[in-house]
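Trainee: Mind having a look at this structure? Questions to follow.
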Amino acid sequence: MQSDIPLSLFVSKYLSAIQSRLRSHGQIARRLNRFVVYFGPSRALDSIRRTHLADYVECRQSSGVSPASINVEIASFSAAWNYCVKRWELTLPNPVVGLYFRSSPGRLRYLEHEEAARLVQCAALTRSRVLPFFISLALHTGCRKNELLQLKWKSVDFHRSIITIEAETTKTGKRRYLPMNRSARDALLSLSRRCEEVG
């Protein structure tokens, strides 16, 4: 394929290629379509330079978009560029290289004990019979939602008070061992009883 393909075709082919592989396909499509709107659908791929993308970044920034969001957008464009260059054997340098800029980490805030207790109490008012224990377990282990949803009873060692988070469910792809405090243990025991009641 020639390197002067229209930007709209470039985006379309990339989105088709990743549609069945990435759950975030819809988000990526929205990000890439912003470039199509900005540059125009017929803009030739080989005419886009780093300076043009820098102009795009300035435009997004002046519109009030956060640096972190802009970095995600250009990261998506970079990933699409790298895929297509490799897939179609094009000789085009990636114009995104070196374009990222540092963003503010924002304010890190933890729940106070009283706030955490109110959160669990509010969950108890819902129709869910397990949500309060699920939230309590998340609060006292630091586990991500996906890790807890895929947690199996065989990975819970009540004798040693240890939870094993298997590698396939972790963000890093590595197995983790988490100690259970009393609250986490109580939440798991309550969940176990609920499961027995349901049968």
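Trainee: Give the distance, in whole Å, between the Cα centre of region 28-91 and the Cα centre of region 153-176.
Mentor: If you average the Cα positions of each part, the centres end up 39 Å apart.
Trainee: Largest first, how would 141, 91, 172, 126 line up by accessible area (1.4 Å probe)? Numbers along the way, then the final one.
Mentor: On the way: 141 25, 91 135, 172 105, 126 65 Å².
So the residues, ranked largest to smallest area, are 91, 172, 126, 141.
Trainee: Could you give the dipole magnitude of region 1-149 about its Cα centre, charging the beta-carbon of Lys and Arg +1 and that of Asp and Glu -1, in debye to the nearest 20?
Mentor: Working: 20 positive and 10 negative charges, 68 e Å.
Dipole of region 1-149, to the nearest 20 debye: 320 debye.
Trainee: Still on this structure: Counting only heavy atoms of the protein chains, get the accessible area per residue of the chain (1.4 Å probe) and round it to a whole Å² value.
Mentor: Values: 13180 Å² over 199 residues.
Each residue of the chain exposes 66 Å² on average to a 1.4 Å probe.
Trainee: Further question on the same structure: What's the angle, to the nearest 10 degrees (0 to 90), between helix 182-198's Cα axis and the longest principal axis of the chain?
Mentor: Tilt relative to the chain: about 80 degrees.
Trainee: Now for a different question. Going by accessible area, probe 1.4 Å, with all protein chains left in place, what is the ranking of 197, 89, largest first? Don't skip to the end; give the middle numbers.
Mentor: Numbers: 197 115, 89 155 Å².
Of 197, 89, the descending order of accessible area is 89, 197.
Trainee: Which shape class, rounded, prolate or oblate, goes with region 1-90 when its Cα gyration tensor gives a ≥ b ≥ c as root eigenvalues, a/c under 1.5 marks rounded, and past that a/b bigger than b/c marks prolate?
Mentor: Here region 1-90 falls in the oblate category.
Trainee: Oh, and also: For region 50-104, max minus min Cα coordinate along each principal axis, in Å, sorted largest first?
Mentor: Principal extents (Cα only, largest first): 37, 18, 16 Å.
Trainee: If I model the chain as equal point scatterers sitting on the Cα atoms and use the Debye formula, what is log10 I(q)/I(0) at q = 0.11, 0.14 Å⁻¹?
Mentor: -0.74, -0.89
The values are calculated or read from the model by the stated rules, or taken from the named source; none is laboratory data. What you are looking at is a predicted structure, and each value in this text was computed from that prediction instead of being measured. Cβ atoms come from the backbone with ideal geometry, glycine included; neighbour counts cover every protein chain shown. Surface areas here come from the heavy atoms of the whole protein model, side chains and all, with no ligands, DNA or RNA. Shrake-Rupley method; radii C 1.70, N 1.55, O 1.52, S 1.80 Å.
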